[in-house]
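Enquirer: Pasting a structure here, questions to come.
Nothing in this text is a laboratory measurement; each read-out follows from the coordinates by a stated rule. Everything numeric here is computed off the predicted structure, so don't read it as measured data. Here the Cβ positions follow ideal geometry from the backbone for every residue, glycine too, while neighbour counts run over all protein chains shown.
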Amino acid sequence: MRTFMTTAEPSRVSKQPPTRDLWERFASSIGITKERKQQIYSEVSRSATLADPSYWLQILFSAAIATLGLALDSPAVIIGAMLISPLMGPILAAGLALAAGDLELGARALLNLALSCLLAVFSALILVSLLPFKEITAEIAARVRPTTLDLFVALLSGAVGSLAVCKEAKGVATSIPGVAIAVALMPPLCVAGYGLGVAVSLDSAEGMRVARGGSLLFLTNLVAITFTAMLVFLALRVAPRGARERARRAAREAGREGRPGFLGRLPVSVRLPVLGSLTGRFVLVCGLLLLIWHPLSRSFNELRSEIAKKREENRLQLATARIWQQRFAVLPNGRPRSYLGQIAATDQAGRLRLQLRVFTRRSYTAAEKAELVRALAHEMHRQPASVDLQLIEVPTTSAELASREREAPAPKAAPTPAELHAGLLQIVDGALREIRLPPPAQLTDYQVALSPGRPLRLTLFYLSDRDIGPDAQFVIADEAGSRIGEPGTEVSLARIAAAQGSIPFRRNEVELASEAAAALDAVGELLDEHPALRMEVAALAAAGEREGIAEERAQAIEGYLAGRWRIAAERLARVPAPAEAAGPAAEIRLVLGTETAFTATASADDEGGRQ
């Protein structure tokens, strides 16, 4: 009897990797079946079409609305543009093309995105050119310095949007993924167009800075969202070759795609039916992310430095307020002596610069100011010589009145003009601390004018190389008047030119001619009237003049201002001359002494001028 022995044949069905099986279970749990994958591929592919007029109208309208929202500094209007932005379709199509290696779909998506960007930027540029005002608003400024945080936001937005598209909607609005992705694309795209419009019609340097910032933010969000969409489609296996072929076959049978598009008929699409290898496509997108990582990380480091600097300034202000309240705010008998209204603290090049504005009953002596400097230096672990203190005292009442109040109780007297001025300056000072001028304008100081029977008149002085537009002036004046709360307040703006021109010299001479003295008198008058200003001088020497003459000319200018106008030496600084400048002259420019400090003057027509 023969015995036949057989061996079992190995199974032809290989077990799927655990990771792949996990993703298949996740896809099934959110309702992504084979039929749903085919639907996803068909829907996303159709969104990259170039022949839908309604799509281009939505691009045009959303760009116009976003541009107007940026110009008006209105978040609500910008959100409205986000709601109708249709950029989600071609972006997801690009991610799907990278996941599937679909050359035709990828080319259509890129062409659609390129044309959409050009239309949006061109629309914003035309609209900005027609606007009567072109200020850089807060909504624009918030989008010109993208950081790595914006990159992470875009990565998360792309993942959420892709998942929402893949999942079949059940009682949820289908526009949610479009909103989630468009929120990060249309506004920065219009910021780029806004910057180009400003560069063409107003300020080329400022406009190009804005355009570069908006373009970088748009590119960051575009690449990041495309990358995460590719990963989601790969993980959920939305783009296998079978799903792609079934989607195209179903489209042809339904009459939506009778023949391939013009991109599909190109010879290259026949030779390269698949867009490279998956590894190559992955490396391509990662390479783009690495390219934009450097400028984003640099902006993030700058932002971190600014936050650290602001935190240090806040710490200095809190410490100064605590020391003042403990040692200098009350008299020896316990009665209040002063009120600390404003503190400006900066740390520049190892020197602590403090500006204090106090409303006081009794002026502080030089010894008390020196004691304050020593206390602050001890608190900050510094040498007293490294602390620069500027104490601005606003009297609230006379010493005689304070003495009478101490001797015996008396009915409250009517406010004196000095008390009215001090109280008014306190109100105005607090209100103007929140006023923000459009860059590059900087609030320098203000002047308050009082007249019997007339409304309050307020003049805001700002430092800038160009005037603030009439519309922006109206908005600033209206905001200042509403913050002060005085009915009928008249607010006006006056510009102080930052660039003061050239001070001429004769060849090989340092003496100031009559025209040079007249120009310096104008600068000295500005420095005398506006204590927050400093002067920078760049002395120049012509070819062939003796060595060191530029330094002598700078000394002559500083000596003239110190002798005739009593301008302190710390308010005069020398800077290197521009490379293109030449000739026996000196360039003069005014700058603010601190970033936040500004001073006030009050005048009353019935008392004969300033106080």
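Enquirer: Please compute the net charge surrounding residue 531, taking Lys and Arg as +1 and Asp and Glu as -1 over other residues with Cβ under 9 Å from its Cβ.
Expert: Here the charged neighbours net out to -2.
Enquirer: If you plug each phi of the stretch 531-546 into the Karplus form 6.51 cos²θ - 1.76 cosθ + 1.60 with θ = phi - 60°, what whole-Hz ³J(HN,Hα) values come out, in order, with x for Gly and Pro?
Expert: Per-residue couplings from phi come out as x, 6, 7, 10, 10, 10, 10, 10, 7, 10, 10, 7, 4, x, 6, 5 Hz.
Enquirer: Which net charge results for the neighbourhood of residue 489, defined as the other residues with beta-carbon distances under 12 angstrom from its beta-carbon, given Lys and Arg at +1 and Asp and Glu at -1? Write out the running numbers ahead of the final one.
Expert: Numbers: positive: 454, 457, 483; negative: 478, 479, 486, 490.
Result for the local shell: -1.
Enquirer: Can I ask one more? Please work out whether the stretch 115-156 counts as rounded, prolate or oblate from its C-alpha gyration tensor, where a ≥ b ≥ c are the square roots of the eigenvalues and a/c under 1.5 means rounded, while otherwise a/b larger than b/c means prolate and anything else oblate? Write out the running numbers ahead of the final one.
Expert: On the way: a/c = 4.54, a/b = 1.53, b/c = 2.98.
Because a/c hits 1.5 or more and a/b fails to exceed b/c, the stretch 115-156 counts as oblate.
Enquirer: Now, a different point. Under the 0.36 nm per residue contour assumption, what length would be gained going from the current alpha-carbon distance of residue 290 and residue 347 to full extension?
Expert: Working: separation 57, 0.36 × 57 = 20.52 nm, distance 3.52 nm.
Between residue 290 and residue 347, full extension yields 17.0 nm more.
Enquirer: Sticking with this one: Around residue 388, which amide H atoms from residues at least 5 apart in sequence, or from another chain, sit under 5 Å from its own amide H, with H modelled in the peptide plane?
Expert: Counting only residues 5 or more places away or on other chains, the set is 352, 353, 354.
Enquirer: Give me the net charge of residue 465's neighbourhood, meaning all other residues with Cβ under 12 Å from the Cβ of residue 465; Lys, Arg count +1, Asp, Glu -1.
Expert: Working: positive: 466, 495, 589; negative: 203, 206, 467.
With Lys, Arg at +1 and Asp, Glu at -1, the net is 0.
Enquirer: Follow-up. Step through the residues of the stretch 35-47 one at a time and calculate ³J(HN,Hα) from phi using the Karplus curve (6.51 cos²θ - 1.76 cosθ + 1.60, θ = phi - 60°), rounding each to whole Hz and writing x for Gly and Pro.
Expert: 5, 5, 4, 5, 5, 4, 4, 5, 5, 5, 5, 5, 6
Enquirer: Something else: Along Cα→Cβ, 7 Å out, is where each label goes; now give me the distance between the ones at residue 74 and residue 482 in nm to one decimal.
Expert: Result: 1.4 nm between the two label points.
Enquirer: For the stretch 438-573, what's the radius of gyration and Dmax over Cα atoms, in angstrom?
Expert: 19.3, 64
Enquirer: Taking θ as phi - 60°, what are the ³J(HN,Hα) couplings along the stretch 553-570 by the Karplus curve (6.51, -1.76, 1.60), each to the nearest whole Hz, with x for Gly and Pro?
Expert: Values, residue by residue: 5, 4, 5, 5, 5, 5, x, 5, 5, 5, x, 8, 10, 6, 7, 5, 5, 6 Hz.
Enquirer: For residue 144, list long-range residues whose amide hydrogen, built 1.01 Å from N in the peptide plane, is under 5 Å from its own amide hydrogen.
Expert: Hits under the 5 Å cutoff: none.
Enquirer: If I model a spin label at residue 573 and residue 35 as a point 7 Å from the Cα along the Cα→Cβ vector, what separation in nanometres do I get?
Expert: About 7.3 nm separates the two model spin labels.
Enquirer: What whole number of Å gives the distance from the Cα centroid of the stretch 28-94 to the Cα centroid of the stretch 429-489?
Expert: Here the two parts' Cα centres lie 43 Å apart.
Enquirer: In nm, to one decimal, how far is the residue 517 label point from the residue 385 one, both placed 7 Å along Cα→Cβ?
Expert: Those two pseudo-labels are separated by 3.8 nm.
Enquirer: Also, I was wondering about something else. Under a 5 Å amide H to amide H cut-off, with H placed in plane at 1.01 Å, what residues pair with residue 444 once short-range neighbours are removed?
Expert: Here 461, 462, 463 satisfy the definition.
Enquirer: Is the shape of the stretch 54-111 rounded, prolate or oblate, going by the alpha carbon gyration tensor and its root eigenvalues a ≥ b ≥ c, with a/c under 1.5 for rounded and a/b larger than b/c for prolate? Numbers along the way, then the final one.
Expert: Values: a/c = 3.85, a/b = 2.80, b/c = 1.37.
Prolate is the answer for the stretch 54-111, as a/c is 1.5 or above and a/b outweighs b/c.
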